[in-house]
Amino acid sequence: MNDVLKQIETVLAERRNADPDSSYVASLHHAGLDKILKKVGEESAETLIAAKDAEHFGKKEDLVYETADLWFHTLVMLSHLGLSHTDVLTELERRFGLSGIEEKASRDK
């Protein structure tokens, strides 16, 4: 599955400087970080609503769809700031084996 993230990252890099009129990713980068963050926020809210619907109505396919949108826009945000999915995976790997309480305590110092 990491290959999918690498492929997306490659596409994001290729489209970052493309014509904003012909590439959605380029249009986001061209509009700037605030626009990208707005999209991450919108997709986050839609994911939360889909999660509630999944719990109440069993509509899990909508949750998967919205989570994919959230992840995609988060990857655009990371790309815009010169980061990648590997930075996030490295951080998750660092946390592996730590309890959530221990990890949070290490940040509060």
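The values are calculated or read from the model by the stated rules, or taken from the named source; none is laboratory data. As the structure is a computational prediction, the values presented were derived from the model and not from experiment. FYI the Cβ positions are ideal-geometry reconstructions off the backbone, even for glycines, and counts take in every protein chain you see. All accessible areas refer to the heavy atoms of the entire protein, side chains included, with ligands and DNA or RNA removed. Shrake-Rupley method; radii C 1.70, N 1.55, O 1.52, S 1.80 Å.
Answer with yes or no whether A68 is open to solvent by less than 100 Å² (accessible area, probe 1.4 Å) and more than 26 Å from L28 (Cα to Cα). Full working, then the answer.
Working: open to solvent by less than 100 Å² (accessible area, probe 1.4 Å): yes; more than 26 Å from L28 (Cα to Cα): no.
Spelling it out, it is not the case that A68 is open to solvent by less than 100 Å² (accessible area, probe 1.4 Å) and more than 26 Å from L28 (Cα to Cα).
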Practice problem: Find the helices (runs of 4 or more DSSP H) located wholly in the stretch 6-109 whose residues include 2 or more that are touching a Pro at 6+ places or on another chain (Cβ under 9 Å) and touching a residue at least 40 places away in the same chain (Cβ under 8 Å), and list them. | Solution: 24-31
